[in-house]
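Asks: Before I ask anything, here is the structure I am working with.
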Amino acid sequence: MLPSYILDEPDSGGRGIIAPVLRFEEDGPEFKGRTGFTGAPLTVAVGDPLTLSALVDHPGNRTWQAWTLHQGPGQVEFTESEFWVANADGVGTTSARFDEPGEYLIRVQAIDSPTSSFEFHCCWTNGYIPVTVVQ
């Protein structure tokens, strides 16, 4: 019998691909892999901009980063929702505006290379930031 296929590997040693390491704060905890990490909660008023950043540590020369609404009652508008972090140890920053009050969960995803073909797809990191939006 063959062992089960594991989908939560943070690296693929045979192909030299590894998930990017992320941090939400300069001296904050590092995390990598699909399971992710939930950062400290933030609070912002409806319509006000909220700056969101994730520090990247990855041996490649660039890392793709995307920010999205994971859960929440309203819409979120990001200044940039997808971009490349150019340096191996760079910072990806965007700004978010929320259209109604409530509890939200924002997800950041960093991928070694989102353009890899399926059979070589591996290794990404998820991070989550809880946001309370007030009137």
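The values are calculated or read from the model by the stated rules, or taken from the named source; none is laboratory data. From a predicted model like this one, the values you see are computed outputs, not experimental measurements. Reconstructed Cβ throughout: ideal geometry from the backbone, glycine too, with neighbour counts over all protein chains shown.
Asks: Show the residue pairs that are 6+ apart or on different chains and have beta-carbon atoms under 9 Å apart, the first residue being within the stretch 12-35 and exposed (fewer than 10 other Cβ atoms within 10 Å of the Cβ) and assigned to a loop (DSSP other than H, G, I, E, B), the second being among the hydrophobic types (A, V, I, L, M, F, W, C) and modelled with pLDDT of 90 or more.
Replies: E26/L55
Asks: From the residues in the stretch 98-112 that are of a type in the set (D, E, K, R) and at pLDDT 95 or above, which one is farthest from V44 (Cα to Cα)?
Replies: In the first step, residues of the stretch 98-112 are kept if they are of a type in the set (D, E, K, R); the result is 99-100, 103, 107, 112.
Subset that is at pLDDT 95 or above: 99-100, 103, 107.
Details: D99: 11, E100: 11, E103: 11, R107: 17 Å.
Among residues in the stretch 98-112 that are of a type in the set (D, E, K, R) and at pLDDT 95 or above, the one farthest from V44 (Cα to Cα) is R107.
Asks: Also: If a residue must be at pLDDT below 95 and assigned to a loop (DSSP other than H, G, I, E, B), how many such residues does the stretch 113-135 contain?
Replies: 8
Asks: Kindly establish whether P3 is touching a strand residue (DSSP E or B) at 6+ places or on another chain (Cβ under 8 Å) and either at pLDDT 95 or above or part of a loop (DSSP other than H, G, I, E, B) (or both). Walk me through it before giving the result.
Replies: Numbers: touching a strand residue (DSSP E or B) at 6+ places or on another chain (Cβ under 8 Å): no; either at pLDDT 95 or above or part of a loop (DSSP other than H, G, I, E, B) (or both): yes.
It is false that P3 is touching a strand residue (DSSP E or B) at 6+ places or on another chain (Cβ under 8 Å) and either at pLDDT 95 or above or part of a loop (DSSP other than H, G, I, E, B) (or both).
Asks: Sticking with this one: Counting only residues that are of a type in the set (A, V, I, L, M, F, W, C) and more than 21 Å from T132 (Cβ to Cβ), give me the strands (runs of 3 or more DSSP E) lying completely in the stretch 36-112 with at least 3 of them.
Replies: Working: elements: 42-45, 50-57, 63-71, 76-78, 82-85, 91-98, 102-111.
It comes to 82-85.
Asks: Continuing with this model, one more query. Please verify whether E82 is under 11 Å from the mean Cα position of the chain (by Cα) and surrounded by fewer than 17 Cβ atoms within 10 Å (Cβ to Cβ), treating the condition exactly as stated.
Replies: For E82, the condition - under 11 Å from the mean Cα position of the chain (by Cα) and surrounded by fewer than 17 Cβ atoms within 10 Å (Cβ to Cβ) - is met.
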